[in-house]
1. Out of all the residues in the stretch 22-38, which are among the β-branched types (Val, Ile, Thr) and modelled with pLDDT of 95 or more?
2. List the number of the failed condition for residue 57; all other conditions in (1) in a loop (DSSP other than H, G, I, E, B); (2) of a type in the set (Phe, Trp, Tyr); (3) modelled with pLDDT of 95 or more hold.
3. In the set 41, 62, 5, which member is hydrophobic (A, V, I, L, M, F, W, C) and either modelled with pLDDT under 95 or part of a loop (DSSP other than H, G, I, E, B) (or both)?
Amino acid sequence: MCQGVLRVPVSFATVPPMSKGKERDEPGVWNFRNVPRDAIVKAKIGAALEGQSVKAYLISLVQAHWQELEKKGLLPKGK
C-alpha cells in the first residue's frame, strides 16, 4: 500500500530561533533538486561574467535581495 507524505504548513512564528554562538557562525549545507536547466545555465553565465564562483554569485544575489527587503521593513535588519 502506498502511503503519501504528510505536508503540514509551517509559519515562521512556529520555527524555533537559531541557536546563538559558535553553531550559528558555522556554515551550513543546502542541496537543491529539480532546478530548471535554464536557471543553472544562467547562474553559470552570470557567475562567469562577474568573475565569481556560482556559489559566490548566488550568495551575492540573495544578500542584495535581503538588503532590499530590509529597506522595505519586510525583513529584520541583520548584524
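The values are calculated or read from the model by the stated rules, or taken from the named source; none is laboratory data. No experiment lies behind these values; they were computed from the predicted model shown.
1. Going residue by residue through the stretch 22-38, those that are among the β-branched types (Val, Ile, Thr) are 29, 35.
Within the stretch 22-38, 35 is the sole residue that qualifies.
2. Condition not satisfied by residue 57: (1).
3. On the way: 41 fails: either modelled with pLDDT under 95 or part of a loop (DSSP other than H, G, I, E, B) (or both); 62 fails: either modelled with pLDDT under 95 or part of a loop (DSSP other than H, G, I, E, B) (or both).
Every option except 5 fails the conditions.
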